[in-house]
1. Starting from the range 363-381, keep only residues that are free of Cβ contacts under 8 Å to residues at least 12 places away in the same chain, then list their pairs with residues that are open to solvent by 60 Å² or more (accessible area, probe 1.4 Å) whose Cβ atoms are within a distance under 9 Å, requiring at least 6 positions of separation or different chains.
2. Residues to consider are R340, R348, R374, R331; find the one that is open to solvent by 40 Å² or more (accessible area, probe 1.4 Å) and not in a helix (DSSP H, G or I).
3. Any chance the range 541-556 includes a residue that's more than 30 Å from I456 (Cβ to Cβ) and not in a loop (DSSP other than H, G, I, E, B)?
4. Under 6 Å between Cβ atoms, at least 6 apart or on separate chains: pull out the pairs that start in the range 760-775 with a residue that is over 20 Å from K522 (Cβ atoms) and end on any residue that is of a type in the set (D, E) and open to solvent by less than 70 Å² (accessible area, probe 1.4 Å).
5. I'd like to know if the range 298-307 contains one or more residues that are without any contact (Cβ under 8 Å) to a residue 40 or more places away in the chain, farther than 25 Å from A376 by Cα and open to solvent by less than 10 Å² (accessible area, probe 1.4 Å).
6. Looking at the range 377-401, which of its residues are assigned to a helix (DSSP H, G or I) and closer than 25 Å to R340 by Cβ?
7. Condition check: small (G, A, S) and either open to solvent by 20 Å² or more (accessible area, probe 1.4 Å) or not in a helix (DSSP H, G or I) (or both). Does A443 satisfy that?
8. Among all residue pairs at least 6 apart or on different chains, which show Cβ distances below 7 Å where the first residue, located in the range 590-605, is more than 14 Å from V580 (Cα to Cα) and open to solvent by less than 10 Å² (accessible area, probe 1.4 Å) and the second is in a helix (DSSP H, G or I) and among the polar types (S, T, N, Q)?
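The values are calculated or read from the model by the stated rules, or taken from the named source; none is laboratory data. Keep in mind the model is a prediction, meaning the values are calculated, not measured. Quick reminder, even Gly has a Cβ in these numbers, built from the backbone with ideal geometry, and neighbours come from all protein chains shown. Protein only, heavy atoms only, side chains kept; ligands, DNA and RNA dropped before computing areas. Shrake-Rupley method; radii C 1.70, N 1.55, O 1.52, S 1.80 Å.
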Amino acid sequence: MPELNLVNAVTAVHRIAKSRDARTVFGFRMLDLLGRVACDPDCSPQVLSNSAWSCARFQVHVAPLLDAIAVSSLSKIAEFSTQQLANTLWSFATLRYEHKPLMKASSSAAIARSLECTPRHLGNTAWAFAVLESSHDPLMAAIASAALSRRAELNPQGIANMLWAFATCRWRDGPLLQAISEQSIYLNSKFKPQELANSLWAFATLSFCDFPLLDSMAEASMRRIYEFVPQDHSNTAWAFATVSYAYSPLLDSIAAAAIKPISQFQPQHLVNTVWSFAHLRKVDAPLLDAIASEALQKMSQILPHALASTAWAFARLACHHVPLFDAIAARAINTLGSKRGHGQIAERNVGMMLWAFSTLPDLTLASKLLQASRAAGQRLDGLSLSGMFMAFQQRHMHQHCAALVQANLAKGSMFAVAASMSAARLAESGDATGALELLLSAATGGLNAASQQVWIACGGCVKSMPPCSDDRFPGLGEPYAKELRLLQHVLTTAERGNVESVCAAVESFGEGMLPGTSRWLKVAGGQKAKVLVDAANQAPMGGVVVEVGTYIGYSAAKFARTRAARTAGGNCASPSCPSVVTIEVDLAHAVIAHNLLIFAGVAHMVEVLVGHSEEVLPWLASRMQEHRDGRSIVDLLFLDQRGSRYSADLAVLEHAGSLKDGAKVVADNVLKPGAPLFLWHVSRGGRFSTEVRSLAEFAMAEVEDWMTVSTYSRNFEAEDDETPSPVPMEILMLEWKAEQMRAKTHQPDHGGSGVGFSEWAEFAEEMRVGMQLAGLASGVARLGRDEHAVSSHVVSDKCEQ
C-alpha cells in the first residue's frame, strides 16, 4: 500500500475490518500501519476512532498499539464527535483494555455532550464503562437523563445494551426504567431472543417489576423460544424468579424448549434454571430429569455455591434424585475435607445442602455433611441447622434433637442457653435422668436460670444444683447477640415464673436499648400485645393457639398465660397436649425462646416446632387431625413471620379444616413491611370478617403499622358458580414492594445498613396510600403522633372499590 496515504490506508483497513473474514486477513503490515497512524500527531479523531474500531474487529490485543491510540486520542478528545467517542470506547471495551486516563477524559467529554448523543451512542458508552468496570456515577446520571429525553428513539438493541450496562453497574434510575419499560412493550415484537433475555435479566437485577412489561416480554419470548440459546433460557427463567412472577405458560415453554439443547448448557445455566423453577414452585419432571443427568456429567465444573443451589432446588420441588444428591454430597464433603478446598464452601451453602438432604427419608447424607462441616471448623447458624432439627423432631428423635443443639450451638454465650433447651427436650420426652446428666456435664461451662428450673422440674436436688452464670453478657459481635442480650436482660431483671414480668422485661429491652441502632425487635409489644390478649380472650376454647413466627417467645408466653387464666387449670397443658403451638424457622431463635418460656414458667403449655411454615404447617395440620379424629382444633392463629407467607399459611389450615368456627386469625405487620395479598384475601367477605387496626409499631412511636383480627366462619357457603377472583395487579405490585423492603431488613446480617426508623415511617405511609388506592381498608384513620392512639376499621362484606 505504498501509494496510499495514512488516512486512505486506515479507511481501507476499516472496510476490511467490516468484512466477515476480518480476522483471517489481518497481518503484520496492517499492524504496522495502525501503529504508524496512532503515532502520527496530525491524524484526525475519525482516523483514531477507525483505528481503534479495526483493532477491536481484528481482536488486536497489542498493548503498545492501544496505548498509542489512547494517548493520541487524549490530545484530541475535545474534537471527537459523539459517534467517534462512543465507537472508541466500544472498541477498548470489546478488547477488555482499560486505559484509565482515556476513560476519565472520555467520561468528562461524554457528560458535556450527552444531550447530543443518539440513544445508540449513549448505550454503547454505558456498555463500555460497564464492561471495563469503570462505572462513573455522574456519567451514568448524564446518560440516563439524555436517554430519557430521547426514549422514543430507543430500539431493542439500544434498550438491551443500556439496560445491561445499568444493571452491571447497579445504577438504578426509576423514571428511565419506567420509560424503557413502556418502549419495550411497544417494540416487543421486534426484540431478538438475546435482547429479550438480557433486558429481562437487567430489569430483574435492578429490582424493577412491572407486570404489563413482564407479560409483554413473556409473550414475545414464547414466540421465539426455540431460537433461544441456553443462556437466554437461563436468564429469562432467572428474571421471572427474581421478581417472583410465575408466568406458567412461559415456564412451560422454557421447559419444553430447553430439554433438547440441555447438553449445551453451561453448569451455571443449569443451576440458574433449576433454581428459578424451584423458587417459582414450578415442577416439570422431564426438565428436572434432563438437568439432573447433565449436572451429573458436569459435576466437577459446578462451583460450590452452585452445588448448594442445585440441592436446594431439587429438594424444594420434592424431586429427590438420589444419584444427584449422592454426587453433590460426595463433592461437598471432599471439598470440605481437603486443604485446597477449605473455605470454598460457605457455611450458608452447607446449610442449604443440609436442609436439602434432611428432606430425604434417610438422613445419612445430612449427618455426613454436618460431620464434615464441623471437622472443617465451620459453625453453622440456626437457619442452617433447622432442617435437620425439624427432621429429627417430626420423627420424635428427641435424643438426636438434643445432641444436634449441643454439638452445634452450645458455644460462647449460647452454651448455657443450648444446655437448658436440650435438657428440657429430654425431660419432655420422659428422660428426666438424661436431662439431669446433660446439665451436670454442661455445668463446667456455666448454666443459667432456665437451666436451674429444668433441674428442679426433673427432680434434681436443690443443694446439688449447678450454679448460675447469668453475669456473662454476650458481645455485640457474637452470633445472635441481640437475642442473647435480650434473654440475659430477662433472666437478670424479671421475676422467675411471672409471665407479665418476663414480657415487661422484653419490652423494656426493646424500648430502652434498641432505638437509634437501626435494629428492630420484632415482637408484638405495647398496644399490639393488647390486641393479641383481646383476641385470645375472644377466641373459642378447647383447642390450641397456633403461632407462626416464635422469635424469642414473647407472644407465645402471652398466649399461654391468657389461656391458663381462661381455663383456670381445666385445660390439658402438657408436651403431648399443648395449649399453644408455635413455629420458628431459626433453630437458634427457638432455643432462646424455649429458655424464655422455661423461665416464665409456661414451657409445659407451649410446643416449639422448628422449620419453615410451608413444611411444618401441613405436617402439623395432619397431626392435629389424627389426634382429634378429624375435628377442627385451632382456636386462634397468629401470623407473625414473613408477610408474603400469610395467605399460603392460612390456606393450609383452612383447606385442612383445622380452623374452628369462630376462630380468630390475627396478623401483625400488615402495613409494614406489609401483607397486601393476605389483607385482600381476608377483606373480601366470604368466610372471614376482618377488622383492621392502626397502631404504633412497638418501640417505634412515629411508625404506623396495621394488625388485622379476622373471625372465621365455617358455615359460609359459596355460590356454586363462584370462581376465585384473580388477584388485582396493584395488589401483586404492593406485595412485591413489601418483599423488597422485607429483604432490606435482613441486610445487617450480610454487612448492609438495614432500614432506619425514618425510612420505616416513609415506607409505611407509601404502603398505606397504595393499599387504600387498591381498595383495602380505606376507612382506617391515620395514626396520630400519640403512640397509644389506636384506630380501627371493620371491613364489610366486600373489599371497598
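1. Cβ pairs passing all conditions: G377/H342.
2. Within the list R340, R348, R374, R331, the selection yields R340.
3. Yes, the range 541-556 has at least one match.
4. G775/E800
5. no
6. S384
7. So A443 passes the test.
8. N595/S420; F599/Q453
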